[in-house]
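One structure is given below, encoded as structure tokens.
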Amino acid sequence: MKAIVLHKYGHPSELHYEDVPDPTPGPGEILVRVSATSVNPIDYKTRSGAIKDRMPVEFPAILGRDLAGVIRTLGPGVDPQATGFEPGDDVFALTNHTYAQLCVVKATDLAKIPAGMDVPEAGALPLVLLTGNQLIVKGTEIKAGQTVLVAGAVGGVGRSAVRTAKMAGAHVIAGVRKHQLKEAATLGADSVLALDDEQAMQTLGLMDAIADAVGGHTAELLLPKVRQGGIFASVVAVPANAALNPTIRTVRIACQPDVPGLLQMAEEVKAGRLVIPIDRMLPLDEAAAAHTAAEKGGIGKILLLA
């Protein structure tokens, strides 16, 4: 098969389109013909070596976390009657090594794509849907009637977090940059706030929780806005000033596969209550160009079609 292979940390040009051996599904695994994957920040941070101290790579490596495709082969012990999976099924998953034409996935991590959903577009969903969902459910533990601010609300993770918090019955503030206020008004939050507007930030009262997808200085400014006993949950890092705010619980969320959660959030996308914008679709062999574009930022996701 063809895959994008990384032999060393560095520039996007280190991503090479190469022939590699076809993977073979082991016990409890399923071989999927990949239709689409997508570029996520963890991909280019891994490629560049920015997170090598925390998440080192064994070279040669195949990056990628999102998968949408078609089942080719069921591995040993995968019973079609027990799992509901058969060759030819359209499926998606949060997994690893998806920058390839073929990918082996644990059967327990795989889900059928909801009927009527475009298969390639489903490749944009698993990581952002599950990260945003888990940031709220496992991170903030927000309850109905409580108030939560989602920092970075127009990104894929932020959009998923906003929707999850609304589903929980919370009062949701979408925190964005000033130039994103118009876009943020479409997310279904109860209000929007420009995090880079000092005057607007001064009007912000204490909240029950903050769901952070931004990090850095913005996170440090937001942390004291959480009430005593409240929670600051982040998918980036615990704010540097956390020790100065000991009455606020800080939580860092690392996304994990969750089939029920993925299906629940995918239905929100299918129904139009949650929109994950797609910027462009590129062939798999243009992964280097996709990384270059993704690192420049933007709202829409970039898909790689295998």
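The values are calculated or read from the model by the stated rules, or taken from the named source; none is laboratory data. Computed from a prediction, not measured in an experiment: that's the story for all the values here. Backbone-built Cβ (ideal geometry, glycine too); neighbour counts: all protein chains shown. Just the protein is used for accessible areas: all its heavy atoms, side chains included, with ligands, DNA and RNA removed. Shrake-Rupley method; radii C 1.70, N 1.55, O 1.52, S 1.80 Å.
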Check: For the range 103-235, what size does the Cα cloud have along each of its three principal axes, sorted from largest down, in whole Å?
Finding: 48, 32, 27
Next item on the list: For the range 153-306, build the convex hull from the C-alpha positions and give me its volume per residue in Å³.
Entry: 137 Å³
Checklist line | Average projection area in nm² (convex hull over Cα atoms of the range 84-139, one quarter of hull surface) | finding: 4.8 nm²
Check: Given a 1.4 Å probe, how much area per residue of the range 188-246 is accessible, in Å²?
Finding: 47 Å²
Check: When the chain is fully extended, how far beyond the present Cα-Cα distance does Arg227 get from Arg252, taking 0.36 nm per residue of separation?
Finding: 7.2 nm
Note to self: Which one, Ala254, His7, Pro27, is farthest towards the positive end of the dipole of the chain when Lys and Arg carry +1 and Asp and Glu -1 on their Cβ?
What the structure shows: Ala254
Checklist line | For the range 185-232: relative contact order, % (alpha-carbon pairs under 8 angstrom, 6 or more apart) | finding: 34 percent
Item checked: Cα-only radius of gyration and Dmax that characterise the range 249-293, units Å -> 15.4, 44
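Let me have the relative contact order for the chain, percent, based on Cα pairs under 8 Å that are six or more residues apart.
Normalised by residue count, the contact order of the chain is 19 percent.
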Next item on the list: Please give the solvent-accessible surface of His179 in Å², to the nearest 10, using a probe radius of 1.4 Å with every protein chain present.
Entry: 150 Å²
Next item on the list: Tell me which residues come under 5 Å, amide H to amide H, from Thr98 once H is placed; ignore anything under 5 positions away on its chain.
Entry: Gly64, Arg65
Next item on the list: Arrange the residues Leu130, Leu244 by how much accessible surface each exposes, largest first, with a 1.4 angstrom probe.
Entry: Leu244, Leu130
Note to self: Under a Cβ-only charge scheme (Lys and Arg +1, Asp and Glu -1), can you give me the dipole magnitude of the chain about the Cα centre, in debye to the nearest 20?
What the structure shows: 740 debye
Margin query: Tell me the carbon and sulfur percent of the accessible area for the chain, rounded to whole percent, probe radius 1.4 Å.
Written below: 51 percent
Checklist line | Length added when fully stretched, Val57-Asp279, from 0.36 nm per residue minus Cα-Cα | finding: 77.1 nm
Item checked: Cα-Cα pairs of the range 1-65 separated by more than 14 Å (percent) -> 63 percent
Next item on the list: Averaging over all projection directions, find the projected area of the Cα convex hull of the chain and quote it in nm² with one decimal place.
Entry: 15.7 nm²
Next item on the list: Starting from the amide H of Thr250, placed 1.01 Å from N in the peptide plane, find each other amide H under 5 Å away whose residue is 5 or more places distant or on another chain.
Entry: Phe232
Next item on the list: Using only the C-alpha atoms of the range 11-109, find the volume of their convex hull and express it per residue in Å³.
Entry: 103 Å³
Check: Using 0.36 nm per residue, how much length does the chain from Glu183 to Met201 gain when fully extended, once their Cα-Cα distance is taken away?
Finding: 4.6 nm
Margin query: Using only the alpha-carbon atoms of the range 201-266 as identical scatterers, what base-10 log of I(q)/I(0) does the Debye formula give at q = 0.13, 0.21 Å⁻¹?
Written below: -0.40, -0.81
Margin query: For Cα pairs less than 8 Å apart in space and 6+ apart in sequence, what is the mean separation divided by the residue count of the range 22-179, i.e. the relative contact order in percent?
Written below: 23 percent
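What value does the range 111-187 have for Rg/Rh, both radii from Cα atoms and Rh as Kirkwood defines it?
Value, to two decimals: 1.01.
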